[in-house]
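The values are calculated or read from the model by the stated rules, or taken from the named source; none is laboratory data. Small disclaimer: the values here were computed from a predicted structure and weren't measured. Quick reminder, even Gly has a Cβ in these numbers, built from the backbone with ideal geometry, and neighbours come from all protein chains shown.
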Amino acid sequence: MRITRRAALQATIAAPLASPFILPRNAIAQQRPNELRLGISTFLSGPASVFGVPGRNAADLLIEQFNAAGGIGGVPMRSVVIDEAPGVDFLLGECRRLAQNEGVDMMLASISSGSCLAVAPLAEQLRMPTILWDCGTQRIFEENSFKYAVRTQANAVPEIVAPLLYLMRTRPDFRTLAVVNQDYAWGRDSWAIWKAAMDAIKPGVRVVAELFPRFGATDFSTEITRLQALRPDVIFSTSWGGELDTFVRQAAERRLFERSTFVLPLAESSLERVGKTLPAGVIVGSRGDHWFLHPTARDTPILKNFTEAYRRRFNQYPIYPTFHMAQALYGMKAAYEKAIAANGGRWPSREQVMDTMRGLEFAHLTGTMKIRDDGQGLEPMLMGVTRHVNEYPFPVLDQMILYPPELTMNPIGTKGLDWVRLLTPAAVQRAPAPIAYRA
Amino acid sequence: MTLLLLLAVLDGLAYAALVFMVAVGLTLVFGVLRVLNVAHGSFFAIGGYVAATLGGAVATTAAAPWLALPVLLVSAILVGGLLGPVVEKLLLSRIYVKDHVLQLLVTFALFMILEDVQKLIWGVQPIFQDAAVKALGPVEVGDIVYTRYQLFLLPAVAATTLLGLMWFLRRTLTGRVIVAVTQDREAATAMGIDAARVYMLTFTFGTMLAALGGALASPTSSLVPGAGVNMIVLSFAVVATAGLGQIEGAALTALLIGLGRSVAVYFAPEFEVVIPYLIMVAVLLVRPYGLFGSPELRRV
Amino acid sequence: MGRNLTLPTVLGIALLFGLSFLAPWLKFVFTIALAKGLAVLGILLLLRAGQVSFGHALYVAVGAYTVAFTRPVAGDVLILLPLAVLAAGTVGVLVGLFVTRYRDIFFGMLNLAFSMVFYSLLEKLYAYTKGTDGITVVRPSIAGVMLERVPYEWTMLCLALTLAVGLGLLARVFLASPLGQALPAIKTRETRLEFAGISAKRVLLVSYVASAMLAGLGGGLIAMTTLHVTPLLAYWTHSGELVFIAILGGGGAVLGPFLGAVVFELVRVYAAAAFPDAWQMILGAVLLAIILFASRGLWGIYEDLTAKRGVRS
């Protein structure tokens, strides 16, 4: 009696917990599924949700659009979104759940580089096709090779080399520089790449201050005072989100922009929020080949429709994570369609899809890009300088240059940090001509 | 060198003022209720969000830019006046008799809930409203441009709060009642003091101070999800270093942390993050009950 | 404490195994839960003395990073785990000598301070720790045998279970010993303990180091299960999580921490699956409900249910 009672008690606690998960879904390859399930990991809480939520929003919008147009090879898509904020131990458990119980066919993994570094090896173990949709660290494909993971965007190397080349072109005479980066992996990595590349292209620049305020800092007064006293020619900052907004506002209020040229490789994502507080003449990047007023794609229906639909639904202009998500989804769609065609119309296996991904060239919202044989995406880098115009309540990009990957990305088999040391001033001249903003 | 030190002091003051505003509310609440309120950081963030929202409304409609300043105070009173009594009545009043651990965890639970509530109301995009800073404009010290808001207003508000609180607690009847409850709850109750009312009053006031801290911070920094998290840990460090319930101690500690931080940015940037903890460990090593604290009577 | 824990333990193990067979991904979740349960068992020792550490994530992280750093030179679980425990124990002695002089809120805050300093160090020493990117741990061998993923996961689950049961028993023996009995005395009237000729500080230090070692063991297990460690392990919210689990499970018996940890992980998975934008709110609400309506935790609920039956029969 005691036993049954106790067992019953424990079973009643456990049963409702367990039941939905104990439904195995035998995803048999080669058979056309009823739906294509996507697992998406992104930040839904914490400071990085400023990127995570726009990324998720873009996925919702695009999956709806794709499904309305017949899905992929006639199969509709459905997404399961998980929050990567609680940390690696939680995320890896969720990935297993998605793979083994939700029957997810493809993972779109992570904004944080730490998450990607943890998820890619697991994806390999689980044979789970994975697209790294936003994380930037170059370490992933340099230190390992993965069969089941690809990245549908560039990485930290071109994201930093392009702003440097752009600065060298617009302001070649600078002699002193200060850096203000967030104190975490990206802030440190991006500075290491910049420093190595700058020493190669323009030796002798004096670094007057290396400031790494705490991640999540809300006050940069002391840093700004120091920068005012030091008067560097150039101030470089790869900060993003709330911290970049705060830094820009505090710097503007204290007229720091009048004294130094700013290089802000991630500021495209802050333009709408900081508005015209950000003055003209600031060098701005967008982590890739995208902006809603992209110089070559701005009048194409695909970009215009996306921007309009996104604005109507979320009341904001799309920013780079939305485009990164779009690249992942367009890349996935292209890979499946190509694999289906190569398979004589039959549904491809996971391995076939992943093989197709390598060397795939696909069109997305703002142009086309290619995935290299090691899984790394090759994406041009859009750089520009801010300008105030009447049509928008925030700065737009002017004198835009699209840096091709050949100029900014290290070849397969090399390490980015070693490769940038081989850059020469000639790289500055090889860039294409700038394209002016037009109303 | 001297100029650099002077600049470091000026920067440190503004930061210390903000830290003090948050920590003093926390220490007041702890002194009276003996509850270390983790949700204090949430009140800070909500104060900031409300101030930014109201400030935005005022900035677009009102003709007088200086109106942005009183908005900060109004938001703090609004947030404190509404949230404080509700939280105290519905949650805290049920757990005064329970273990300290449970009291702390109740506020931890509240913090988790409020984190998501903020996200649901204000979304995840950073919010920024600097009308108040613009209203006061910049000022030059030597060659360096400062904002009047940070250089004058923040330290002035903090100093006023400190002096006002000292006067209130020592010279007014309500203040003395609060001090009496802080020192000996049982004796004060025996004297006919309505402890429940004192608790409610103090908690509401503490919440207002947290919200005011958030409101004062909002014109200079963006509000993002998790804005309250960092403030909690920092103000905890201040409260423990100061000595529990010590208002002057909180002021001195905030000053130490503010100055220590900005001196660190100048001379040893790598240490900036750990400054508050180093100060705390150093102080507690010498004074085990905090700067101004004293051991509580231990009854055998 | 006199209650017989054998039956619920055996049933609990059977349940964990059963569910892991039916839903393979639960192996991972349960292993993590049991590892956290070990750390919470350490928290429980201190809770007996009325002291809450808001910084035990420090020891979890020390254990995890010990595994990450020594994995390239020592590749076996049987070497890595003791090393993780040893490292956490060493740090525990050093920190413990300082923090056990303090009580209540000062004790909690100092622990918090140490864990935050360690968290900052993990980020600052970027050249060694790779900062927030974290360190990938290559799957270690177990007693000299390299296992494939699935058998490795099963072995880790079994290992975690064995350790949980073994150390749970040990903790029970410790709590019943004179030294363990002195812990509640620190909570009620420390001075009386001193009058009896027992050094409260020493009692607390012993428990503190034991709790640090338990947390280090948990951290080592986490590192070997996730195979990737990041500084977030040391962040104060994770320390809060451990205290949360301790209260959720209930401090009445050594099974509480493990029960609490398993339920915590499952609730979080469920909440995150059902409400990706508001899972924190749900966890918070669960915690509130437990404190307000069942302050002895899940184990307390279980005791009440079985006790009532016992009275009737």
Checklist entry - Of all the residues that make up the stretch B:209-228, how many are part of a helix (DSSP H, G or I), over 13 Å from the mean Cα position of the chain (by Cα) and closer than 18 Å to B:Ile257 by Cβ? => result 0
Checklist entry - Does C:Glu241 count as modelled with pLDDT under 95, within 12 Å of chain B (Cβ to nearest Cβ) and surrounded by fewer than 22 Cβ atoms within 10 Å (Cβ to Cβ)? => result no
Checklist outcome for this item: Only one of A:Asn67, A:Asn57, A:Asn34 is surrounded by fewer than 22 Cβ atoms within 10 Å (Cβ to Cβ), modelled with pLDDT of 90 or more and within 14 Å of chain B (Cβ to nearest Cβ), namely A:Asn57
Next on the checklist: Condition first: closer than 20 Å to A:Glu102 by Cβ, hydroxyl-bearing (Ser, Thr, Tyr) and within 14 Å of chain B (Cβ to nearest Cβ). Now tell me which residues in the stretch A:37-49 satisfy that.
Outcome noted: A:Thr42
Next on the checklist: Quick check on this structure: which one of B:Ala158, B:Ala132, B:Ala196 is more than 19 Å from B:Ala23 (Cα to Cα), away from chain C (no Cβ under 14 Å), of a type in the set (Gly, Ala, Ser) and surrounded by 18 or more Cβ atoms within 10 Å (Cβ to Cβ)?
Outcome noted: B:Ala132
Next on the checklist: Exactly one condition in (1) within 24 Å of C:Tyr102 (Cβ to Cβ); (2) crowded, with 18+ Cβ neighbours inside 10 Å is false for C:Leu179; which is it?
Outcome noted: (2)
Checklist entry - Out of curiosity, is A:Phe247 within 14 Å of another protein chain (Cβ to nearest Cβ) and touching a residue at least 60 places away in the same chain (Cβ under 8 Å)? => result yes
Checklist entry - Would the stretch C:197-218 turn up any residue that is buried (at least 22 other Cβ atoms within 10 Å of the Cβ), under 18 Å from C:Ala171 (Cβ atoms) and within 14 Å of chain A (Cβ to nearest Cβ)? => result yes
Next on the checklist: Restricting to the stretch C:277-303, and then to whatever is more than 7 Å from every other protein chain (Cβ to nearest Cβ) and outside any helix (DSSP H, G or I), can you tell me which residue is farthest from the chain's Cα centre (by Cα)?
Outcome noted: C:Ala294
Checklist entry - Which strands (runs of 3 or more DSSP E) does the stretch A:145-222 wholly contain that include 2 or more residues that are among the acidic types (Asp, Glu), within 14 Å of chain B (Cβ to nearest Cβ) and surrounded by fewer than 24 Cβ atoms within 10 Å (Cβ to Cβ)? => result none
Checklist entry - Based on what the data block shows, is C:Ala271 within 12 Å of chain A (Cβ to nearest Cβ) and under 21 Å from C:Trp25 (Cβ atoms)? => result yes
Checklist entry - Could you say whether any residue in the stretch B:118-129 is out of contact with any strand residue (DSSP E or B) (no Cβ under 9 Å at 6 or more places or on another chain), in a helix (DSSP H, G or I) and more than 14 Å from chain C (Cβ to nearest Cβ)? => result no
